[in-house]
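Below is one structure; the comments refer to it alone.
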Amino acid sequence: MFDQKTSNESSAFITAAVKLKDAMTFESTGKYESALTALDQAIGIQSDYVDAWLIKGVILSKLGRCSEALQCYDKIIELDPNFPDAWRLKSAVYTSQNLHQRAVECLEKAVELNPNNLEFRLSLASAFQRLKRFEDALKCYAQAKMQIPNDPRIDYYIGVTWGNMADYEKALASFEIALRVKPNFTDAVLGKGIMLAKLGRTEEAKACANKLLEIKSHANQLEKTVQTKSVNESIREEYNAAQKKFKTQYSSTK
């Protein structure tokens, strides 16, 4: 009796996993409605299938069906309240709806569940920025910098925050720190130039503009000698990377 039940559960899981793989294939070729149908079939077989709910939410978000996407993420949270990606994806939906306070609440939960995830913390800081809660954003960036001291993005974002607070000297200092780590960081060069202009240091601002032109010229030369990836290839790589864990998990169902 027990063996029969276990066998049936295993068979159901495999069938649901095949439907999930079908959905991923449909999604990768832009056949979103077919993907949703396959996901509904997977969920019909196994109602607590977190991965199926997750991908369904992502696709619904892409289609702008925000309330339905939120229902998917809420279902995941009901099944597993400690699933940080559900909270992060839920925040993204709220951000798309300009519901930034709700986005902050979801991201705070995601960071609480996975405090070592840098992207979660940076997303939370960005959400604080959208609410003009600049001091809270700076606290997030300070915590992120403790995790990864030499990531130039963090100092760049700190510079942007100080700029939003009209403290141009501190903003300039942060952009310069970012550029010491990554000299050709175009956003930081641009930020530095803007801060210098705000401070009336016109000649130095012009030097930043020239630096940007130099970086752009060098990039154009590289583009002529290196075959660039097509947009479709880039999208494919991003999708494959995002779904890597699913491919690994369900390789046995091929």
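The values are calculated or read from the model by the stated rules, or taken from the named source; none is laboratory data. The structure presented is a predicted model; accordingly, all values stated were derived computationally and were not measured. Virtual Cβ from ideal backbone geometry, glycine too; neighbours counted across all protein chains shown.
In this structure, is residue 172 part of a helix (DSSP H, G or I), touching an Asp or Glu at 6+ places or on another chain (Cβ under 6 Å) and either surrounded by fewer than 16 Cβ atoms within 10 Å (Cβ to Cβ) or at pLDDT 50 or above (or both)? Give the derivation first.
Numbers: part of a helix (DSSP H, G or I): yes; touching an Asp or Glu at 6+ places or on another chain (Cβ under 6 Å): no; either surrounded by fewer than 16 Cβ atoms within 10 Å (Cβ to Cβ) or at pLDDT 50 or above (or both): yes.
The answer is no for residue 172.
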Please go through the stretch 71-129 and pick out each residue that is of a type in the set (D, E, K, R) and in contact with a Phe, Trp or Tyr (Cβ under 7 Å, 6 or more places away or on another chain).
75, 88, 90, 102, 109
The stretch 66-146: helices (runs of 4 or more DSSP H) wholly inside it with 2 or more residues that are among the β-branched types (Val, Ile, Thr) are 66-79, 84-96, 100-113
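In this structure, does residue 193 turn out to be assigned to a loop (DSSP other than H, G, I, E, B) and either among the small types (Gly, Ala, Ser) or modelled with pLDDT of 95 or more (or both)? So that I can check it myself, show each step before the final result.
Working: assigned to a loop (DSSP other than H, G, I, E, B): no; either among the small types (Gly, Ala, Ser) or modelled with pLDDT of 95 or more (or both): yes.
Spelling it out, it is not the case that residue 193 is assigned to a loop (DSSP other than H, G, I, E, B) and either among the small types (Gly, Ala, Ser) or modelled with pLDDT of 95 or more (or both).
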Considering only residues that are basic (Lys, Arg) and within 16 Å of the chain's Cα centre (by Cα), which ones fall in the stretch 59-108?
62, 88, 90
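Going through the stretch 175-214 one residue at a time, which ones are β-branched (Val, Ile, Thr) and surrounded by 15 or more Cβ atoms within 10 Å (Cβ to Cβ)? Break it down into steps so the answer makes sense when it comes.
Filtering the stretch 175-214 down to residues β-branched (Val, Ile, Thr) leaves 177, 181, 186, 189, 194, 202.
Those that are β-branched (Val, Ile, Thr) and surrounded by 15 or more Cβ atoms within 10 Å (Cβ to Cβ): 177, 181, 189, 194.
Given the structure, is residue 250 buried (at least 18 other Cβ atoms within 10 Å of the Cβ), out of contact with any Pro (no Cβ under 6 Å at 6 or more places or on another chain) and modelled with pLDDT under 95?
Numbers: buried (at least 18 other Cβ atoms within 10 Å of the Cβ): yes; out of contact with any Pro (no Cβ under 6 Å at 6 or more places or on another chain): yes; modelled with pLDDT under 95: yes.
It is true that residue 250 is buried (at least 18 other Cβ atoms within 10 Å of the Cβ), out of contact with any Pro (no Cβ under 6 Å at 6 or more places or on another chain) and modelled with pLDDT under 95.
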If residue 160 passes every condition in (1) over 20 Å from the mean Cα position of the chain (by Cα); (2) modelled with pLDDT of 95 or more; (3) assigned to a helix (DSSP H, G or I) but one, which one does it miss?
(1)
